[in-house]
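Each reported figure results from applying straightforward, stated rules to the coordinates on display, with no laboratory input. It should be emphasised that the depicted structure is a prediction, and the values quoted were computed from it without experimental measurement. Positions of Cβ are generated from backbone atoms using ideal geometry, with glycine treated the same way; all protein chains shown enter the neighbour counts.
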Amino acid sequence: MTSSHTTDSTHGPIRTPLQLLYGSLLAFIGPIAVIIGLASFVASGNKTSPGAADLERSVALRIQKVGSVEVRDANRPLQSGEQVYKAQCAACHASGAVGAPKLGDAAAWGPRIKTGFDSLVQSALKGKNAMSAQGGGAFSDVEIARAVAYMANQGGGQFTEPPAPAPAQ
Ligand code: HEC
């Protein structure tokens, strides 16, 4: 109690205003540098440099549209299969990149069409090998099913693009 009164201000490392300035700058910048360092360390975990392993694949993954921010309007008109195809699927399926069955290529689509519409839709919804879920898009399931019907039909399928579900009350 008694000794705690002694002022210690003339001791310690900070004696001049300049030192105080440097000291406070360091105190400010230091933690930020540490945080940035830690963050980049954590994020660097399993990053392979893009294009290192498979150029074609990495290009396709980069140009595919990734989850766009979209205000979902429940009443917005559903996009047709062709619209979804052009917006999302063409990135790979127009050229046949990364082994995607090419639009209109009956030989590539034939065996897949035989697995049935539902199976194809499931692949498109959940992703398959180099194709990520929804081909990386953010569509409704019906829109994806429409795109699948559109694509498969160009390759010899006979599917009907599913209609919009009855609106929820
Ligand atoms: C990043 C490239 C890429 C995009 C974008 C992409 N696909 Fe694919 N897709 C593939 C590849 C690769 C395969 C072949 C997968 C396999 O069988 O190994 C494939 C296969 C498919 C198949 C056949 C699945 C099966 O079971 O045989 C369907 C259907 C399909 N895609 C639909 C779509 C639809 C619909 C879209 C757009 C919403 C889309 N794809 C976008 C790469 C892509």
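Okay, here's what the table says:
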quantity: Pairwise FRET efficiency - residue 43 versus residue 122, Cβ, R0 = 30 Å, nearest 0.05; calculated: 0.40
quantity: Dimensions in Å of segment 55-154 - Rg and Dmax from alpha carbons; calculated: 12.9, 40
quantity: Under Karplus coefficients 6.51, -1.76 and 1.60, residue-wise ³J(HN,Hα) of segment 128-139 in Hz, glycine/proline x; calculated: 8, 6, 6, 8, 7, 3, 6, x, x, x, 10, 10
quantity: For residue 155, residues with placed amide H under 5 Å, excluding near neighbours; calculated: 104
quantity: Label-point separation, residue 15 to residue 32 (7 Å along Cα→Cβ), nm; calculated: 3.0 nm
quantity: Spatially proximal lysines relative to residue 65 (Cα-Cα < 24 Å; intrachain offsets below 8 disregarded); calculated: 47, 86, 102, 126, 128
